[in-house]
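Peer 1: My questions all concern the structure below.
The values are calculated or read from the model by the stated rules, or taken from the named source; none is laboratory data. Here the structure is a predicted model, which means the values were calculated and not measured. Cβ sites come from the backbone with ideal geometry, for glycine too, and all protein chains shown count toward neighbours.
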Amino acid sequence: QAKNDGKDDVRVHDAQRQEAIEDRMRLATDLPGALQAGELVLHYQPVHAIDGHDLVAVEALMRWEHPTLGLVSPGSFIPLAEKTGLIVPIGAWALDEACRQLREWRTLFGNERGLQMSVNVSARQLADEGFAALVGQTLSRHGIPAGSLVLEITESMLVEDQRSEVSRLAALKQIGVQLAVDDFGTGYSSLSYLPRFPVDQLKIDRSLVEQIDQPRGKAVAAGIIELARVLGLESVAEGIEDENQLTALAALGCALGQGFHLARPAAAADITERLAEALSGRQMSARSC
Ligand code: C2E
Ligand code: MG
Ligand code: MG
Ligand code: MG
């Protein structure tokens, strides 16, 4: 009977694999219509000052409210959108929607909070000739000061075609937006782009934060935070999942952090509540809740 059990396991496994393949095909078929159908939404994850716990920014993270598959995470459809080029219109929508939302929060809560908005940008978007102009138009359409917008780009995008990338990023800096290197420490481990690229933030990848409880992991995190400091960049730790990681990052002088321990990504309405709580003087830190 042990043999039979094994066969059943294989059958269940095959069925699951078949289902996963079918889901992926459904996503590929449905993605071109998702934007028009209004199925794409942005959730927002708070970014806190590690020292003091102030909510200083939010990162816009895309989700797809699929009519039959439910809430689909970006890992399942952004790569597809990048491959097909759909990321260009979808990314333009995300930028517009994030700026519209920031406008709404600034109107509700006042501008003096200086809340910042981070938006992830794909290589295909950055490669587009008109991207800097699009960013400029989007900011002025919503009356958002350029310095309040942080564009997150990944390390691997920075090593590809150095010269055109440098001029594209320079055009964005010209507008006044901030630039962040996302998932720092997971790319090609080439640092040669760093002196050349006009970036403002290093976002330390979750895989490094995870190892901060070990001596070597802590040494690497310390090195990155020090590198950011001497370059005059802000360090942002991603994926903080517990108090020990937060304490270690605070001791290393990391400026900002995000992660499930501080706040999970949430729908705009939930973030509105968090911002309202913050204004009424209550603490927004994980420690208070
Ligand atoms: P990312 O920009 O590095 O975003 C951080 C990811 O880590 C998010 O996943 C977030 O939900 C997750 N995260 C945050 N805190 C924690 C934590 O404490 N523990 C763990 N395990 N995870 C945490 P999400 O929302 O699934 O997004 C995945 C990736 O998809 C993003 O990584 C980004 O590269 C991409 N993405 C999301 N939205 C967009 C978008 O609008 N445009 C583009 N081009 N890419 C996007
Ligand atoms: Mg990001
Ligand atoms: Mg990241
Ligand atoms: Mg990531």
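Peer 1: Would you check if S207 is hydroxyl-bearing (S, T, Y) and within 16 Å of ligand 4 (Cβ to nearest atom)?
Peer 2: Taking the combined requirement at face value, the residue satisfies it.
Peer 1: Go over the candidates V121, V56, V47, V72 one by one and state the one that is within 17 Å of the chain's Cα centre (by Cα), away from ligand 1 (no atom under 15 Å from the Cβ) and of a type in the set (A, V, I, L, M).
Peer 2: Sole residue among the options that is within 17 Å of the chain's Cα centre (by Cα), away from ligand 1 (no atom under 15 Å from the Cβ) and of a type in the set (A, V, I, L, M): V56.
Peer 1: Could you list, in sequence order, all residues of the range 246-260 that are away from ligand 4 (no atom under 16 Å from the Cβ), farther than 20 Å from V181 by Cα and in contact (Cβ under 8 Å) with a residue 12 or more places away in the chain?
Peer 2: Matches in the range 246-260: L246, A248, A250.
Okay, residues lined up against (1) within 16 Å of ligand 4 (Cβ to nearest atom); (2) in a strand (DSSP E or B); (3) closer than 27 Å to L256 by Cβ; (4) modelled with pLDDT under 95:
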{"residue": "Q45", "(1), (2), (3), (4)": "yes, yes, yes, no"}
{"residue": "H53", "(1), (2), (3), (4)": "no, no, yes, yes"}
{"residue": "L61", "(1), (2), (3), (4)": "yes, yes, yes, no"}
{"residue": "F77", "(1), (2), (3), (4)": "yes, no, no, no"}
{"residue": "L95", "(1), (2), (3), (4)": "no, no, yes, no"}
{"residue": "A98", "(1), (2), (3), (4)": "no, no, yes, no"}
{"residue": "Q101", "(1), (2), (3), (4)": "no, no, yes, no"}
{"residue": "R106", "(1), (2), (3), (4)": "no, no, yes, yes"}
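Peer 1: Shifting gears a bit: I want to confirm something. Restricting to the range 75-125 and keeping residues that are buried (at least 18 other Cβ atoms within 10 Å of the Cβ) and among the small types (G, A, S), which single residue is farthest from ligand 3 (Cβ to nearest atom)?
Peer 2: The residue in question is A92.
Peer 1: Here is a further query. Any idea which of D30, D5 is assigned to a helix (DSSP H, G or I) and modelled with pLDDT of 90 or more?
Peer 2: When all the criteria are applied, what remains is D30.
Peer 1: Let me ask something else about it. Which of (1) outside any helix (DSSP H, G or I); (2) without any contact (Cβ under 8 Å) to a residue 24 or more places away in the chain is the odd one out, the single condition A57 does not satisfy?
Peer 2: (2)
Peer 1: Would a scan of the range 161-178 turn up a residue that is touching a residue at least 40 places away in the same chain (Cβ under 8 Å), among the hydrophobic types (A, V, I, L, M, F, W, C) and within 16 Å of ligand 3 (Cβ to nearest atom)?
Peer 2: no
Peer 1: Return the residues of the range 137-167 that are closer than 30 Å to R113 by Cα, more than 14 Å from ligand 2 (Cβ to nearest atom) and either in a helix (DSSP H, G or I) or within 17 Å of the chain's Cα centre (by Cα) (or both); say none if nothing qualifies.
Peer 2: Q137, T138, L139, S140, R141, H142, A146, G147, S148
Peer 1: Let me ask you something else. Scan the range 125-136 and report the pairs whose first residue is part of a helix (DSSP H, G or I) and whose second residue is among the small types (G, A, S), with Cβ atoms within less than 6 Å and a gap of 6+ or a chain change.
Peer 2: Sorted first by the residue in the range 125-136, then by its partner, the pairs are Q125/G91; A132/A171.
Peer 1: From the list L40, L71, L115, pick out the single residue that is in contact with a helix residue (DSSP H, G or I) (Cβ under 7 Å, 6 or more places away or on another chain) and at pLDDT 95 or above.
Peer 2: L40
Peer 1: Can you pull out every residue in the range 207-233 that is surrounded by 18 or more Cβ atoms within 10 Å (Cβ to Cβ) and either within 21 Å of V121 (Cβ to Cβ) or not hydrophobic (A, V, I, L, M, F, W, C) (or both)?
Peer 2: A228, L233
Peer 1: Using beta carbons and a limit of 6 Å, which pairs, at least six apart or on different chains, have the first residue in the range 90-105 and within 14 Å of L151 (Cα to Cα) and the second one part of a helix (DSSP H, G or I) and not small (G, A, S)?
Peer 2: G91/Q125; L95/T138; D96/T138; C99/T138; C99/H142
Peer 1: Which members of the range 197-244 meet the condition of being within 16 Å of ligand 3 (Cβ to nearest atom), in contact (Cβ under 8 Å) with a residue 40 or more places away in the chain and in a helix (DSSP H, G or I)?
Peer 2: Once the filter is applied, which keeps residues that are within 16 Å of ligand 3 (Cβ to nearest atom), in contact (Cβ under 8 Å) with a residue 40 or more places away in the chain and in a helix (DSSP H, G or I), the range 197-244 yields R206, V209, I224.
Peer 1: What are the residues in the range 263-281 that are within 16 Å of ligand 4 (Cβ to nearest atom) and touching a His at 6+ places or on another chain (Cβ under 7 Å), if any?
Peer 2: P265
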